[in-house]
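Chemist: Here's a structure for you.
The values are calculated or read from the model by the stated rules, or taken from the named source; none is laboratory data. Keep in mind that this is a model prediction, so the values were computed, not measured. Neighbour counts are summed over all protein chains in view; Cβ atoms, including those assigned to glycine, are modelled from backbone coordinates with ideal geometry.
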Amino acid sequence: MKTKPNPDQAGHEILTQTDRIPADMMWLFTFSRLCRRAMLYAAEASGLLDDIVGAVESQTPYYTVCFKSALYSESGLDVNDLAFFSGTCVKPKTKTPGRVTDTDLPKPVQKRLGLKSGTPITAFYFPINDPCEKGVKYQVFYAPNGYVPDSLEIGVLEELAADLDKTLHRLYRARGVEEQFLALTREKEMYHSVFENTGTGTIIIDPDMLILYVNAKFMDLVGLERNEIENRMRWSQFVVPGDNEMMQNYHYGRRKGLAGIPSEYECRIFAKSGDIRYIDMKVGVIPGTGKSIASFMDITKRKLAQNRLRQSEARLSDIIRTFEGLIYTTSKDYRVEFMNNALQEKAGRSGVGEKCYQVVHGLDAPCPGCHLEEVLSGKTRRWELKSPRDGQWYWSIQSPVYDNRGRIVKAQTIHMDITDRKRREEKISEDADLLRNENIVLRSAMKERYRFENIVGKSRAMQTVYELVGRAAASNAHVIIYGESGTGKELVARAIHNLSNRCEKQFVPVNSGAISENIIESEFFGYRKGAFTGAEKDKEGILGTADGGTLFLDEIGDIGTNLQVKLLRAIEGGGYTPVGGNRVIKPDLRIVAATNKNLKRLVEKGLMREDFFYRVHIIPIRLPALRDRKEDIPLLVDYFLSAFDDGGQIPSMGGKMMEAFLRHDWPGNVRELQNVLHRYMTLGKIDFMGNSSDPRIDGPERVCFIRKSPDFCGPLNGIVAEFEKGIILNALEENQWQKARTAIALGIHRKTLFTKMKKFGLE
């Protein structure tokens, strides 16, 4: 700590140096000069205080202490920090800079100085009111105990304290003004940046609509430069005449404080090119200036698109309202949202808000086969509809309607009247059916017919069959065909299908007795994916395949009663449900059934339901056994021999052979005859039972071959050799080229066979 001047020594020097300024007082004048110089050149308060404190410490006998009032508790004060400390201090009792006593100092200061209460000290203070800091800071100059200044020293120090206080206030004010100026400058730059980069065209206009400022976006909008607009043009010069009156009413009304003046509206302006731009304008008055600021969003493309859309919608609306067909839209709950004029006239009311099936079709529930659910899933459906209200026919198109987010919100339906066309089609179809039926009846009524479709026979029994087949083909009634195995029941069923109006659809034959009881239901009705283990995808059943065509149920007597119930429901119009499904399918079926059993006895035994029997037993056709129409055997033989002809040789049929055919009972009926003739064509021998030749057929006649159309003539030896070669070749093929078995079959020695094979080149 520096040594302060001794007061006694200082006084002695003053007394002995009366002819000049006492040496011990030079510090006061030096200190005063330093302080005033610092105050003169001070640029900011903190630097000035540092200079003053430095001068006090270096030039005067005083110490300095700075404290702040009312910030911290006295207990937290660091009494060792005399350069600066804080605490709950006792404010000096005087309000201006001046001298204080010990009681005016904070107790920590008193304690630090070792002062007792009431001890007089020499000290000066002044407040430092920095507006940037909270609380009041005090600067105190104090001297050691017992130091008594004279009046000159007191006057100089008090004057310096007062001048320092004024200088600090001036510096604080100057700093505040500078900071405010800088803040205003930054704020101005910020607003200018916002004005230029707002993203919209922006202008500021005075009360007379003179444009004072414009930004780059507005210049781009109108195609003019800043110097062409600012303080030269009025806002009204840009506005299209049709919108100018409205704009001026808003402009002046806003200044008069009129109610109802919008702050945002649309108008049209001219660009330099002469083009008209549509703008969305937001405008407001700048408080306290009378000026207005307006920003503009160019909405020309949007407005033009809206205008085109409105024109398109107007044209479409005119088309829809004047369209002769019926057009309406429905919500997801079937409620009508729009109806065109034609539909309103037909319904006799607007119908909006009502259920579509009520107002359009006069029903109390959704139409059978309604497609609304499918359409609302995104599909478009087209179908022919017969209105339940008036029986009119319509070509219908139902499609989804989307909102601007791509969501399906409703369905639109168009019904176009096709009643006249349908009537013409029905008339043509009826005429075609009539002609077809007449043709069938005429063909079936012809006497002495030898063949009908692929059915062969001229017997009286077959003439009756032909007539029944023709009548059955001319109707849609179900048919039951009775006959023994092999009589040609499926052949008759196909003839009925081919001659009927269902010939374009499928003929589906089913052997009812060949389907396992465990899978018979899934086979008939089909199944849905996941219905059971292994059902990896949907499968259409037999009834679905036969929809629109003919279902041939062979061995119908083998169908169980449980399945009979479901089949009966399907053919009566109640439909069926696939295994694992929940949607009822209603097929258009015609059943042609066949059996070799007595169905009436099955009904009596409870093996067939009576209602099922009467449903399929509409047109019964009984096929005679071959033994009961042997007069047809020669025709059948000729038919089958021609059918088996592959362009080669046809074996001749001698009188003994035909007698054998006529004597045979044919328990297998036509199928057995076909089999015997096929074997005869292959092996060149007759074998009725498949294991032996008829003993009544022997000799050369049995293996005599002739060509169907002999194309050659020549020496007998050559012809015989050709026939012999053919016989041997057939025998070899029949016996899989095993020579020993072939020789036995031909009744010759094996060496003889080898010789002939070599001769004919059959090795």
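Chemist: Does residue 376 satisfy the condition of being under 28 Å from residue 585 (Cβ atoms) and either over 28 Å from the mean Cα position of the chain (by Cα) or among the basic types (Lys, Arg) (or both)? Break it down into steps so the answer makes sense when it comes.
Modeler: On the way: under 28 Å from residue 585 (Cβ atoms): yes; either over 28 Å from the mean Cα position of the chain (by Cα) or among the basic types (Lys, Arg) (or both): no.
It is false that residue 376 is under 28 Å from residue 585 (Cβ atoms) and either over 28 Å from the mean Cα position of the chain (by Cα) or among the basic types (Lys, Arg) (or both).
Chemist: Suppose the filter is of a type in the set (Lys, Arg) and either within 18 Å of residue 210 (Cα to Cα) or modelled with pLDDT of 90 or more (or both); does residue 303 pass it?
Modeler: no
Chemist: When residues of region 547-563 are filtered for being of a type in the set (A, V, I, L, M, F, W, C) and at pLDDT below 90, how many remain?
Modeler: Residues flagged as of a type in the set (A, V, I, L, M, F, W, C) and at pLDDT below 90 within region 547-563 amount to 2.
Chemist: Given the options 540, 490, name the one that is touching a Gly at 6+ places or on another chain (Cβ under 7 Å) and not aliphatic (A, V, I, L, M).
Modeler: Residue meeting the stated conditions: 540.
Chemist: Need a quick list: helices (runs of 4 or more DSSP H) entirely within region 260-365 having at least 3 residues that are over 25 Å from residue 393 (Cα atoms).
Modeler: Filter on region 260-365 gives 300-322.
Chemist: Scan region 366-410 for residues that are in contact with a helix residue (DSSP H, G or I) (Cβ under 7 Å, 6 or more places away or on another chain) and within 20 Å of residue 326 (Cβ to Cβ) and report the count.
Modeler: Number of matching residues: 8.
Chemist: If you don't mind, there's one more thing I want to ask. If a residue counts only when it is modelled with pLDDT of 90 or more, which strands (runs of 3 or more DSSP E) contained entirely in region 564-657 have at least 3 such residues?
Modeler: So the answer is 590-595, 619-622.
Here's the yes/no breakdown for (1) within 20 Å of residue 277 (Cβ to Cβ); (2) part of a helix (DSSP H, G or I); (3) of a type in the set (Ser, Thr, Tyr); (4) within 48 Å of the chain's Cα centre (by Cα):
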{"site": "171", "(1), (2), (3), (4)": "no, yes, no, no"}
{"site": "176", "(1), (2), (3), (4)": "no, yes, no, no"}
{"site": "187", "(1), (2), (3), (4)": "no, yes, no, no"}
{"site": "192", "(1), (2), (3), (4)": "no, yes, no, yes"}
{"site": "195", "(1), (2), (3), (4)": "no, yes, no, yes"}
{"site": "202", "(1), (2), (3), (4)": "yes, no, yes, yes"}
{"site": "207", "(1), (2), (3), (4)": "no, no, no, no"}
{"site": "219", "(1), (2), (3), (4)": "yes, yes, no, yes"}
{"site": "236", "(1), (2), (3), (4)": "yes, yes, yes, no"}
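Chemist: Also, quick follow-up: Given the structure, is residue 413 closer than 16 Å to residue 327 by Cβ and in contact (Cβ under 8 Å) with a residue 60 or more places away in the chain?
Modeler: So residue 413 passes the test.
Chemist: Conditions: (1) in contact with a helix residue (DSSP H, G or I) (Cβ under 7 Å, 6 or more places away or on another chain); (2) charged (D, E, K, R); (3) more than 26 Å from residue 464 (Cα to Cα). Residue 628 meets all but one. Number of the miss?
Modeler: Going through the list (1) in contact with a helix residue (DSSP H, G or I) (Cβ under 7 Å, 6 or more places away or on another chain); (2) charged (D, E, K, R); (3) more than 26 Å from residue 464 (Cα to Cα), residue 628 breaks only (3).
Chemist: Right, here's the next one. Of the residues that make up region 560-575, is at least one touching a Leu at 6+ places or on another chain (Cβ under 7 Å) and assigned by TED's automatic domain parsing to the domain that holds residue 480?
Modeler: Taking region 560-575 first, the residues touching a Leu at 6+ places or on another chain (Cβ under 7 Å) are 570-571.
When the remaining residues are screened for being assigned by TED's automatic domain parsing to the domain that holds residue 480, the result is 570-571.
Yes, region 560-575 contains at least one residue that is touching a Leu at 6+ places or on another chain (Cβ under 7 Å) and assigned by TED's automatic domain parsing to the domain that holds residue 480.
Chemist: Within region 218-268, track down each residue that is of a type outside the set (A, V, I, L, M, F, W, C) and touching a residue at least 40 places away in the same chain (Cβ under 8 Å).
Modeler: Initially, region 218-268 is screened for residues of a type outside the set (A, V, I, L, M, F, W, C), giving 220, 223, 225-228, 230-232, 234, 236-237, 241-245, 248-257, 260, 262-266, 268.
Within region 218-268, 223, 251, 255 qualify.
Chemist: Right, here's the next one. For residues in region 244-259 being surrounded by fewer than 16 Cβ atoms within 10 Å (Cβ to Cβ) and not in a loop (DSSP other than H, G, I, E, B), which is nearest to the chain's Cα centre (by Cα)? Even if it seems obvious, please write down each step before you answer.
Modeler: Looking only at region 244-259, we keep the residues that are surrounded by fewer than 16 Cβ atoms within 10 Å (Cβ to Cβ), and these are 245-246, 248-249, 252-253, 255-259.
Imposing the further condition that a residue be not in a loop (DSSP other than H, G, I, E, B) reduces the set to 245-246, 248-249, 252-253, 255.
Details: 245: 49, 246: 46, 248: 50, 249: 50, 252: 53, 253: 52, 255: 53 Å.
This residue is 246.
Chemist: Kindly list, by first and then second residue, each pair from a residue in region 324-352 that is over 22 Å from residue 371 (Cβ atoms) to a residue that is basic (Lys, Arg) and surrounded by fewer than 20 Cβ atoms within 10 Å (Cβ to Cβ), limited to pairs with Cβ atoms under 7 Å and residues at least 6 apart or on different chains.
Modeler: 341/321
Chemist: Among the residues of region 481-494, write down those that are surrounded by fewer than 22 Cβ atoms within 10 Å (Cβ to Cβ) and either in the same structural domain as residue 639 (by TED's automatic domain parsing) or not basic (Lys, Arg) (or both).
Modeler: Start the filter on region 481-494 by keeping residues that are surrounded by fewer than 22 Cβ atoms within 10 Å (Cβ to Cβ), which leaves 482-486, 490-491, 494.
482, 483, 484, 485, 486, 490, 491, listed by residue number.
Chemist: Ok, one more. Give me a count of the residues in region 148-158 that are under 15 Å from residue 56 (Cβ atoms) and either within 60 Å of the chain's Cα centre (by Cα) or surrounded by fewer than 17 Cβ atoms within 10 Å (Cβ to Cβ) (or both).
Modeler: So the count comes out to 1.
Chemist: Of everything in region 243-269, what is at pLDDT below 90 and more than 20 Å from residue 206 (Cβ to Cβ)? Give them in sequence order.
Modeler: Residues satisfying the conditions are 259, 260.
Chemist: Among the residues in region 436-443, are any assigned to a loop (DSSP other than H, G, I, E, B) and either within 27 Å of residue 347 (Cβ to Cβ) or at pLDDT below 90 (or both)? Explain how you work it out, then say what you get.
Modeler: If we filter region 436-443 for residues that are assigned to a loop (DSSP other than H, G, I, E, B), which is where we start, we get none.
Scanning region 436-443 turns up no residue that is assigned to a loop (DSSP other than H, G, I, E, B) and either within 27 Å of residue 347 (Cβ to Cβ) or at pLDDT below 90 (or both).
Chemist: Quick check on residue 467: is it surrounded by 19 or more Cβ atoms within 10 Å (Cβ to Cβ) and either assigned to a loop (DSSP other than H, G, I, E, B) or acidic (Asp, Glu) (or both)?
Modeler: So residue 467 fits the description; yes.
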